[in-house]
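Computed from the coordinates by the stated procedures, all read-outs in this text should not be read as laboratory data. Every value quoted in this text rests on a predicted model; they were computed, and no experiment measured them. A quick note on method: Cβ atoms are made from the backbone with ideal geometry, for glycine too, and the neighbour counts reach across all protein chains shown.
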Protein chains: 2
Amino acid sequence: MPITGPAAPEPVAHGGDLGTIRRRFPTAPQPWIDLSTGINPLAYPVAHLPTEIWSRLPTREAEQASLGAAARRYGISDPATIVAAPGTQALIQLLPRLMPTSRVAIVGPTYAEHELCWRRAGHEVAVVPDLVEASGADIVVVVNPDNPTGRLVAPRALRAVEAALLIVDEAFIDFLPPEASLAGDLPANTVVLRSFGKTYGLAGIRLGFAVAPPRFARRLRDELGPWAVSGPALEIGRLALDDTAWLQTAAQRLAADRAKLDALLIAAGFTLLGGTPLFRLAERPDAGRFVDALGQQGLHVRGFAEQPTRVRLGLPASDEEFHRLAAALQVPQKVWQTR
Amino acid sequence: MPITGPAAPEPVAHGGDLGTIRRRFPTAPQPWIDLSTGINPLAYPVAHLPTEIWSRLPTREAEQASLGAAARRYGISDPATIVAAPGTQALIQLLPRLMPTSRVAIVGPTYAEHELCWRRAGHEVAVVPDLVEASGADIVVVVNPDNPTGRLVAPRALRAVEAALLIVDEAFIDFLPPEASLAGDLPANTVVLRSFGKTYGLAGIRLGFAVAPPRFARRLRDELGPWAVSGPALEIGRLALDDTAWLQTAAQRLAADRAKLDALLIAAGFTLLGGTPLFRLAERPDAGRFVDALGQQGLHVRGFAEQPTRVRLGLPASDEEFHRLAAALQVPQKVWQTR
């Protein structure tokens, strides 16, 4: 029985774990600036929640209301195709356990949890550089836009995938043109994952969605079980997903901040390799050392052990954070602040 | 592939779904009093949470702090044996998917999700009346104390179970003597489930724990994946689980309210069959009609389609709620208010 079975592979390292970097650089100036994730630094304001949101089991009505808001937000006409989960990570964990042992092609390297979870569930996994190389697989996984490169596969190419199951992780697709998403016109073999926390800057509440053909959506719902998402997440999700004005303002502000960050990185001698509206991927021969140099100055960015010339940076939250990043990069203020 | 596979069995009906009963009795007096669950009606006060609890991914430190508080609360010396999940329901969903196809004996009838989840995952499930009848099964599931009967199996009898895996769902064991739990001295074949939301009256936040041998605990942790529990749940859980004064006061208040409710039920001609500190199971030949009669008066209690002479009632939250229940039961005030 698995209670005495073999140990699983080592977990993946992630951005956002400030504790580890704090221990590595105990004398770094405070407060730490965490640019190691792709989470919107401008959080949707959390309203005061009625007591029963905390005290009662989340109701079916609350879940339906959140799903309705998600359907409007993602342009989905059939609410039966949407499933709420406590973060898309929960769906990434779940999907491999629902499928019979399969040949799985993951277009990558990409967000490492996909590979880890499919392997852990005993599937035969190949990480392939593009969709062409994925042909013949039973299951194809594409992160679109990709994390960390930002590569965006055209919906047309995704619609041509002939696998029995195509999983498109659209965690970073918000703030891109809506046509980039498959969610609104879902192919019959496709499951789309949408992240709430990254876009709305509320990664702590754990909320994400799967968009799937109705029968598969029902299966996901059954496997997640009742009350899978917390009452606060459903309520805040409902409010935020229907708030188009906030989203529009956030999009403008993020675009301006992105331009500042890009200018800063270029002035610091980086080559911009790509990214999404919520993070940038940049290259410099000494990027590995640079991650440590920033760490000593209380700035946490994401390096990659396998690709030490690359660094991923989320967007600074404020002028103060831009100032500290610019100082750490030794870039004069005028280069970025006139943007 | 399962994307076109057979449909799963129908989901189980649960207490707590006020929406359905509201639609059935649209003219019932407001506000509804929900006694259909076994959730503490006296919620632990939710503190104002720092912004980063909502905005950031839950940190490893936050999870460790919650696990530490849970270890102290449940009398567990080795924190490596505790796993945090978004509610014990998430663990009930997960466990059957981790085990090879097995003969599973569930001591019951009991909380129906256990049977549903083991069956859905393809196991051979028998619901047996007691531990003796469970002998020979690979996996044994016991809800202890039982929901809804309150039957409490002695730890000694549980320790004698020779199955490869014994799952003891201790969702309602708080407020009973600590010796009733297996968590503090865990047998090598046992996984204990502990619920946070019921005891602390915060079912909306989704927090529960598994206590398991270290290797199995690690497997559960891997399968739940990173950030399985929300930041708010970890933070509120940490505060509440370390607050022994609150728990003691709650225990006293609940004991007094239980005595009132029992007096009320007996005066209304019910036989008390059992229960736990958070709910009572009572019997009357016309209990089924009684559930409807209460519904018309805006009181939601839990009936059982298979056992229409039985009704389960959670504890009223206030004198006002006791008054309305007493009026609906046509029990004079003096019977219960002097308690």
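Springs join every pair of Cα atoms under 10 Å in this Gaussian network model of chain A, and among A:ALA71, A:ALA255, A:ALA157 the largest mean-square fluctuation is at A:ALA157. Inter-chain neighbour count for B:113-122: the average number of beta-carbon atoms from partner chains within 10 Å of each residue's beta-carbon is 1.
Among A:VAL291, A:VAL191, A:VAL142, the largest mean-square fluctuation in a Gaussian network model of chain A (Cα springs under 10 Å) belongs to A:VAL291. The label point for B:GLU133 and the one for B:ARG156, both projected 7 Å from the Cα toward the Cβ, are 2.4 nm apart.
Using θ = phi - 60° in the Karplus curve 6.51 cos²θ - 1.76 cosθ + 1.60, the 3J(HN,Hα) couplings for the range A:252-267 round to 5, 4, 5, 4, 5, 5, 4, 4, 4, 5, 4, 4, 4, 5, 5, 4 Hz; x is entered for Gly and Pro. Cα-based radius of gyration for chain B, normalised by 2.2 N^0.38 Å, reads 1.01. Each Lys or Arg adds one and each Asp or Glu subtracts one; over the other residues with Cβ under 10 Å from the Cβ of B:GLY197, this totals +3.
Taking the DSSP bridge list for the protein assembly as shown and keeping only pairs wholly inside it, about 50 percent are antiparallel.
Stick to the Cα atoms of the range A:239-339, pair each with every other, and give me the Kirkwood hydrodynamic radius in Å at one decimal. For the range A:239-339, inverting the mean 1/r across all distinct Cα pairs yields 14.2 Å.
Binning the C-alpha pair distances of the protein assembly as shown at 10 Å intervals from 0 yields a P(r) profile of 3, 15, 24, 25, 18, 10, 4, 1, 0 %, listed from the shortest bin outward.
Per-residue 3J(HN,Hα) values for the range A:192-200, derived from phi via the Karplus relation 6.51 cos²θ - 1.76 cosθ + 1.60 with θ = phi - 60°, read 9, 9, 10, 9, 8, x, 5, 5, 9 Hz in sequence order (x marks Gly and Pro). Dividing the convex hull volume of the alpha-carbon atoms in the range B:172-317 by its residue count gives 156 Å³ per residue. By its C-alpha gyration tensor, with a ≥ b ≥ c as the square roots of the eigenvalues, how is the range B:154-236 shaped: rounded for a/c under 1.5, else prolate for a/b larger than b/c, else oblate? Oblate, because a/c is 1.5 or more while a/b does not exceed b/c. Ranked by the mean number of other Cβ atoms within 10 Å per residue, highest first, peptides B:55-63, A:274-282, A:83-91, B:181-189 order as A:83-91, A:274-282, B:55-63, B:181-189. Partner shielding of B:39-47 amounts to 2, given as the average count of beta-carbon atoms from other chains within 10 Å of each residue beta-carbon. Residues whose amide H falls under 5 Å from that of B:LEU273, counting only those 5 or more places apart or on a different chain, are B:LEU281, B:ALA282, B:GLU283, with hydrogens built in the peptide plane. Placing a label point 7 Å from Cα along the Cα-to-Cβ axis, B:THR101 is separated from the same position in the other copies by 1.4 nm, shortest listed first. Computed from backbone phi, the HN-Hα couplings of the range B:291-305 come to 4, 5, 4, 5, x, 4, 9, x, 10, 9, 10, 9, x, 10, 3 Hz, rounded to whole numbers (Karplus: 6.51 cos²θ - 1.76 cosθ + 1.60, θ = phi - 60°; Gly and Pro given as x).
Magnitude of the charge dipole for the range A:133-185, about its Cα centre and with charges confined to Cβ atoms of Lys, Arg (+1) and Asp, Glu (-1), is about 120 debye.
Once each part is reduced to its C-alpha centroid, what is the distance from the range A:148-166 to the range B:281-313 in angstrom? Here the answer is 53 Å between Cα centres. Hey, in the GNM for chain B with a 10 angstrom Cα cutoff, which one of B:VAL143, B:VAL104, B:VAL153 fluctuates hardest? Among B:VAL143, B:VAL104, B:VAL153, the largest mean-square fluctuation in the Gaussian network model of chain B belongs to B:VAL153. Label separation (B:ALA255 vs A:ARG215): 5.7 nm, computed from points 7 Å beyond Cα along the C-beta direction. A:LEU272 to A:ALA80: FRET efficiency via 1/(1 + (r/R0)^6), r the Cβ-Cβ distance, R0 51 Å, to the nearest 0.05? That pair, A:LEU272 with A:ALA80, gives E of 0.80. Across identical copies of the chain, B:TRP32 has label-point separations of 4.4 nm, listed in ascending order, with the point defined 7 angstrom from Cα along Cα→Cβ.
For chain B, the antiparallel share of DSSP beta bridges with both residues in that region comes to about 50%. Among residues other than B:ALA212 with Cβ under 10 Å from its Cβ, the summed charge is +4 (Lys and Arg +1, Asp and Glu -1). Each residue of the range A:33-104 gets 197 Å³ once the volume of the Cα convex hull is shared out per residue.
Between amide H atoms placed 1.01 Å from N, distances below 5 Å from A:ALA164 occur with no residue 5 or more places distant or on a separate chain. Counting only DSSP beta bridges whose two residues both lie in the range A:163-305, roughly 70 percent are antiparallel.
Exposure proxy ranking for B:PHE322, A:PHE175, based on other Cβ atoms within 10 angstrom of each Cβ and starting from the fewest, stands as A:PHE175, B:PHE322. For the range B:81-195, the Stokes-Einstein estimate of translational diffusion at 25 °C and a viscosity of 0.890 mPa s comes to 175 µm²/s, using the Kirkwood hydrodynamic radius over alpha-carbon pairs. Work through the residues other than B:VAL141 whose Cβ is under 9 Å from its Cβ and net out their charges, Lys, Arg +1 and Asp, Glu -1. So the surrounding residues net to -2. In a reduced charge model with +1 at each Lys and Arg Cβ and -1 at each Asp and Glu Cβ, the range A:150-239 shows a dipole moment near 100 debye about its Cα centre. Counting from the shortest, the label point at A:GLU179, 7 Å from Cα toward Cβ, is 7.4 nm from the same position in each remaining copy.
Basic side chains Lys and Arg get +1 at the Cβ, acidic Asp and Glu get -1 at the Cβ, and with that the dipole of chain A about its Cα centre reaches some 340 debye.
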